[in-house]
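Here the structure is laid out as structure tokens; the discussion comes afterwards.
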Amino acid sequence: MRRTLYLGAGSEWSLSQLAAAAAAMGGVAVYLASLSLSAGGFDAFWWALVLLPLLTMAWAGSAAPLAYWALMLFGWFTLTPAGTFSWWSLPAAAGCIVAHAATALSASSPPAGSVTARTARRWTRHTAAAFAAAVPVAVLAGLLDGRSLGLVPTAYVIGLGGVAVGLWFVRTSPPVNPG
């Protein structure tokens, strides 16, 4: 038996889809809390962005989440002190990864569709693997913090290269729903 909810005059939504939206909102809340602690606070406008995954869940498969996270990353780079490293970036990365994975999982089925436990476990493993990759990057960044090694442009290239390889890997072998 599948349970669905109607939100206004729009289409019906499964509890799985609403859980994915709640997970995305939780990831955004963790990201914003980390940003607030790293930046020493910010305007209340940024906290309103926690609700955006719920409001835009109908567009999970579009470019809306990309634009949303571009805004969030812009906020990180403009609100934190330039040239500094904060260990709060690690929980922020976890929040970003969870929110992104929840949005991607939501986009993998129709609004009234359910996510099987097997699919949810597979996505959880992929999310954990992505976070596991963030940990050594944060440790390396922490070790290099404050040193003038002239590696800043090189670090950007290596980091972006790693992101590109990761995206290529995920796009060429995404988790599939066998049923």
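Just so it is clear, none of the values below were taken in a lab; they were calculated from the coordinates. Because the structure is predicted, anything quoted here is derived from the model rather than measured.
Could you tell me what a quarter of the Cα convex hull surface of the stretch 29-73 works out to, in nm² with one decimal place?
Values: hull surface 12.5 nm².
Value for the stretch 29-73: 3.1 nm².
Here the scattering of the stretch 56-110 is modelled by Debye summation over its C-alpha atoms, one equal scatterer each and no solvent; at q = 0.14, 0.24 Å⁻¹ the log10 of I(q)/I(0) is -0.45, -0.96.
Normalising by residue count, the stretch 28-132 has a Cα convex hull of 96 Å³ per residue.
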